[in-house]
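Written out below as structure tokens is the structure these notes cover.
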């Protein structure tokens, strides 16, 4: 870890939002939260400010509007959560596996992120441009990679940059059994804490997220050429002028 330790301070000023989509009502009871705290500690050790969010502790309404109270919901905590997420350059979504797929809470989170995706940033790009995303998965059945594919696809589709190896997870034996972080009968380290594959991939994910976030910050965001939403109209269908035959005009 010598090189990693030497980088301390390089990522100072970056912010990361970790959103746990466990079905557990309290973060203290969540196995996914345990893995997310380990990942958060990796970033905090490098100077990144971390905001840990447990989705079930908030009342997030169903729907595809940025604020569902405007559409009949009695309460919707999403607008406040969206502001917290937007304050961070990095978003890490955590979810358990149920029936081989991400949790229903994770689906709800993705839907509500999508509900804001038509908004634009101050550069005229979709609102999540210039941010980077990853995911963490836990469970006692197969599906880590399948869940990561769903989550990371959704994030890139709405504008997040996905770095290499942007997912990590822990999976126990199929069927009932100890989950990540559970105490062991012999009093040794909690379940999964000594899993080299999980520990390595979690660290790599964290550093790759930080590296991309730093590159984007130093570049003042994602390049605007060809992706400013308002530049597209009937005569600029590709983001730049077309001639009478629909061919790009050199500029």
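We did not get these values from a lab; they are worked out from the coordinates using the rules stated. The structure presented is a predicted model; accordingly, all values stated were derived computationally and were not measured. FYI the Cβ positions are ideal-geometry reconstructions off the backbone, even for glycines, and counts take in every protein chain you see.
Going from the residue with the fewest nearby Cβ atoms within 10 Å to the one with the most, 247, 112, 84 rank 247, 84, 112.
Looking at the chain only, what percent of DSSP beta bridges run antiparallel? Nearest 5 please.
Rounded to the nearest five, the antiparallel share is 15 percent.
Principal-axis analysis of the Cα atoms of the chain puts helix 104-115 at an angle of about 20° to the longest axis. Sorting 82, 18 from the fewest to the most surrounding beta carbons within 10 angstrom yields 82, 18. Most simply put, the range 1-120 has about 15% antiparallel DSSP beta bridges, counting only bridges with both residues inside it. Neighbour counts of C-beta atoms inside 10 Å place 62, 207, 11 in the sequence 62, 207, 11, starting with the fewest. Distance from the Cα centroid of the range 164-201 to that of the range 137-162 is 19 Å (rounded to whole angstrom). Whole angstrom only: what separates the Cα centroid of the range 120-135 from the Cα centroid of the range 42-107? Distance between centres, Cα-based: 16 Å.
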